[in-house]
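Down below is the structure, laid out as structure tokens.
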Amino acid sequence: MTILNILNYPDPRLHNIAAPVKKVTEEHKKLIKDMAETMYSAPGIGLAATQVNQHIQIIVIDISENKDSLLVLINPKIIDKRGEQFCEEGCLSVPGVYEKVQRSECIKIQALDNCGNLLKLEADGLLSVCIQHEMDHLLGKVFVEYLSPLKKSRIKSKMIKLSKRKDTT
């Protein structure tokens with residue numbers, strides 16, 4: 001398995017809209033393994049293919065304590081949502097930044113699993129937030145875009161400074 005490079009905000013590639021997966025191939029399965037390895041090593045609880053510069057609709061999530069419950073969602077679609085919640089979110093593409101974002105409290109989704117089988121799932125709490133957050137990546141949206149223009153601008157400046165520091169080391 002390979003640790004993949006995670007794109008950092010405000011990289012314009014994070015705004016690309018991911019294409020649906022037509023058929024789950026061995027190449028997709030390898031990408032899923034690499035994405036999981038990347039997510040676990042970061043460490044994080046979710047990763048969208050867009051974040052590793054693969055613009056296809058694949059998400060990996062694991063909110064378990066032991067990191068042994070990988071959830072793979074291919075071509076996910078929200079088919080129902082209820083309520084609202086504010087939850088503090090972070091993102092592997094925006095390291096060190098945590099802000100409250102409004103999301104639906106409970107969602108029902110359908111997707112394909114890593115074998116291409118149809119999967120239906122109802123999620124609430126952290127799993128609901130994580131799925132919605134990662135699905136936003138597939139639509140070319142980063143969570144900081146839900147924030148006020150001032151907060152977004154400050155975060156963008158901070159991330160550009162961090163990027164310049166990395167480039168000089």
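Throughout, read-outs are computed from the coordinates displayed, never taken from laboratory work. The structure presented is a predicted model; accordingly, all values stated were derived computationally and were not measured. Cβ sites come from the backbone with ideal geometry, for glycine too, and all protein chains shown count toward neighbours.
A few comments on the model shown:
- Nitroxide proxy distance, nm - points 7 Å out along Cα→Cβ at K141 and I78: 0.7
- Dipole of the chain, positive direction: furthest Cα of A18, S128, N117, with charges on the beta-carbon: A18
- For the peptides 125-138, 92-105, residues were scored by their other Cβ atoms within 10 Å and the scores averaged per peptide; the highest-first order is 125-138, 92-105.
- Listed residue (M35, I63, H137) projecting farthest to the positive dipole end of segment 12-168, Cβ model: H137
- For segment 12-168, relative contact order (Cα pairs under 8 Å, six or more residues apart, normalised by length) works out to 24 percent.
- Cross-link pairs exceeding 19 Å in C-alpha to C-alpha distance, out of K23/K77; K100/K156; K33/K156, comprise K33/K156.
- Note on the chain: GNM, Cα springs under 10 Å; of L118, L73, L150, the largest mean-square fluctuation is that of L150.
- Label point distance in nm, S153-K23, each placed 7 Å from Cα along Cα→Cβ: 5.1
- Net charge dipole size for the chain [Lys, Arg +1 and Asp, Glu -1 on Cβ; Debye, nearest 20]: 720
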